[in-house]
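Notes to accompany the following structure.
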Amino acid sequence: MWTIRDSFVFDLTFAPRQATLLCVHPELESLGGGSEESQTAEYVRRAQNGDAEGYRQLFRLYVRRVHRLVHRLTGPGCDVEDVVQTIFVDAFRALPGFRGESAFFTWLARIAVRTTLRQARTARAHTVPLVDSMDLIEARDSATANSPENASDTRRALARLRDILASLSDKRRAAFVLHVLEGHSLQEVAQMLDARVSAIKVRIHDARGEIERQARRDPFLAHYLQWEPTP
Amino acid sequence: MNACKQTQALLFDNSDGRIESDQRAAIDAHLAACPHCKQVFATWASALPRLRGLSPEDPSAVSLRRMENEVLGRLRAQAQPHLFRFRWFALASGLALAVLVVLFSLRATAPQPFAHIQTLWGRVTFAGLAMSNGATIAPGGVLEIAGEGEASFLVGRAAEVRLSGPARVAFDGTSQKPRLRLDSGRLAVEIAHRRADEGFAVLTAQGRIEVRGTRFVVAYAEQNSYVHVEQGEVAAYRAGDVSPSAVKAGDTFWFARVGETAPPAAADEIPPPAAEPRPCPPLRCSEAGTRARKAMRAGNPARAVELVEQALGEVANCAPAQLPSSRGEDLPGFPHQRCLDELGYLRAEALRQSGRLEAAITAFRSLNRPTGHEPERALRGRPVGTTTRTQSRSAAELRARVCRLSQRSACRGGPGRAARRGRAEQQRSARHGRALSGPLPARRGGGARAAYAGTRAR
């Protein structure tokens, strides 16, 4: 029984009658039949026992979320894919020490934030972006950007937002991205950033004020977010 | 204001539905009363879906495949070297252990050659036959040196013996426990520490010496024989004695008691050489060293060993030219000892290059002289920065003292080196178009005399 699963895109089997569909092998489906937490627990257990397939499945399960997080945490000119690879290598190397005291992604995001900010600092010190990030970003074909004009607007707004985020301090940017854009609770963000919840609240408050102030000064972004621009 | 901050902190938790019912009621109550917070909530509630929609596109399947391969490849690469290193380490350790076991077993089972000649100088015969370098010596034979000469040979394991002629020595025992009977002459032995199943004994007409590892000299003087220990300790037995006498480094032991035979002059003093010491020939360190180094550079270390041995034989067992010294120190002997040291070093290096490692080790050890000339001893242990200055001052003092004591012509000045230097400078200046009216005033009278006068003034 072949099942279409969005999160598995690698072990592809070409089915003649479903030429455009990406399918998951039944053996993997038997592993992935439960919730994400139970799948993750199984893959972590296998990886901790040295099973390469466990590493592979964990990578496939979380790579998109990590990629999105890294993209939001880094500014233009950063090699996102390189950072993602480093994060997973660091995480898999530290996986034997993961005891399941927090959710796996909380643990992974903590490594991701630390690695990303470290590499972003290095990139800021050593690299100069040659092209604008707008040329590199392919925005999601969302409901608001299903036409070429909307897609172009989305890419432009995304680039502006990324620039604004890049102007924030690392702590404020990380707290805002994790809580507001990624949707993690304050407690989870506090765990990821090794900080108290009160400190996270302050950082998000400051970041929110700064982003709103800068976004209202940008007529295009203010219009995109349906805010009144500030002259 | 504090209530506004608390409410706004829950802005996004409220939008994401992570608020408990009682908290939601409090927020609603605050928003009903606070138009500012209500405005903030409305602003961000409308913008939040669009902000979250500003998300980068997921990486393509190709990118994901590439990243996956890269990550797993890096993990494998980090894991494999350990295995690789471990395997190679285990393999190398096993091989090294096997080689050691094989070598040890071979060494334990292979018969050690009794003795073989290292170097010869003079007329040396063994069992009546003329010897050559590398010839083996069998137990039961007698080695003789007629007249002046010297033979060095390795006996058993790591025992280097040097026999100075005229001398006669008979070999006995086994390679593990050789016995050398010295009938005449002088025998210098340097022997590595013996194992439990090894021994080494030297017999004279008046007694015998048994050693476990040391450096010593056995020789005859008049009708008596003695052993002088330079390093370590030997057990000396007088003829007929059962209990040994321990002779330590620096001590000399006479085998025949006073009155038994012609007594030595003083038993506690370092004994005189067997024969009247011949005066040392002119030092040939420079010439012999140059020739030996040239032979080593030419890839013929055996020839270098031969040359050095020959030069050493000429200056060994001779009395350096005795010059009076105000402090009684061995000042004139200093260059003689330097010559011996330099040649000894060259010999050790040549032995090493020729592959005779045990002999080289023995020779190198013999260079580690516990004593030395006082200026050299004074330099030891000083900070590096002060060495040069002290050394130069010591050299100047030595020169001045030698000049004063030996009344050499160079010290008396005159038309020697200074005059020649003045003429050379005059000619050089003339070539450069500068006329000089005469010798340089500072050089008049001779540089060496001026230096000597300055030394005396100090």
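The values are calculated or read from the model by the stated rules, or taken from the named source; none is laboratory data. Since the structure is predicted, the reported quantities are computational estimates derived from the model, not experimental observations. As a convention, Cβ positions derive from the backbone with ideal geometry for all residues, glycine included, and neighbour counts pool all protein chains shown.
List of remarks:
- Any chance B:V229 is within 27 Å of the chain's Cα centre (by Cα) and part of a strand (DSSP E or B): yes
- Residues that are assigned to a helix (DSSP H, G or I), within 14 Å of chain A (Cβ to nearest Cβ) and free of Cβ contacts under 8 Å to residues at least 12 places away in the same chain, drawn from region B:9-34: B:A9, B:D13
- Qualifying residue in region B:76-96 (condition: within 10 Å of another protein chain (Cβ to nearest Cβ) and surrounded by 14 or more Cβ atoms within 10 Å (Cβ to Cβ)): no
- Scanning region B:19-35 for residues that are loosely packed, with under 11 Cβ neighbours inside 10 Å and under 16 Å from B:N2 (Cβ atoms) turns up just one, B:A33.
- Of all residues making up region A:176-202, the number that are buried (at least 19 other Cβ atoms within 10 Å of the Cβ) and more than 11 Å from every other protein chain (Cβ to nearest Cβ): 4
- Considering the conditions (1) within 12 Å of chain A (Cβ to nearest Cβ); (2) basic (K, R); (3) more than 15 Å from A:V84 (Cβ to Cβ), B:R66 is excluded by exactly one of them, (3).
- When residues of region A:44-83 are limited to those that are without any contact (Cβ under 8 Å) to a residue 40 or more places away in the chain and acidic (D, E), the one farthest from the other protein chains (Cβ to nearest Cβ): A:D51
- 2 or more residues touching a residue at least 40 places away in the same chain (Cβ under 8 Å) and not assigned by TED's automatic domain parsing to the domain that holds B:E358: qualifying strands (runs of 3 or more DSSP E) within region B:148-225: B:159-173, B:178-191, B:214-221
- Test for A:A166: is it at pLDDT 90 or above and more than 10 Å from chain B (Cβ to nearest Cβ): no
- Count of region A:179-223 residues which are within 21 Å of B:A42 (Cα to Cα) and part of a helix (DSSP H, G or I): 26
- Odd one out for B:S325 among (1) in a loop (DSSP other than H, G, I, E, B); (2) at pLDDT 80 or above: (2)
- Residues (modelled with pLDDT under 90 and over 21 Å from A:S152 (Cβ atoms)) located in region A:209-231: A:E228, A:T230, A:P231
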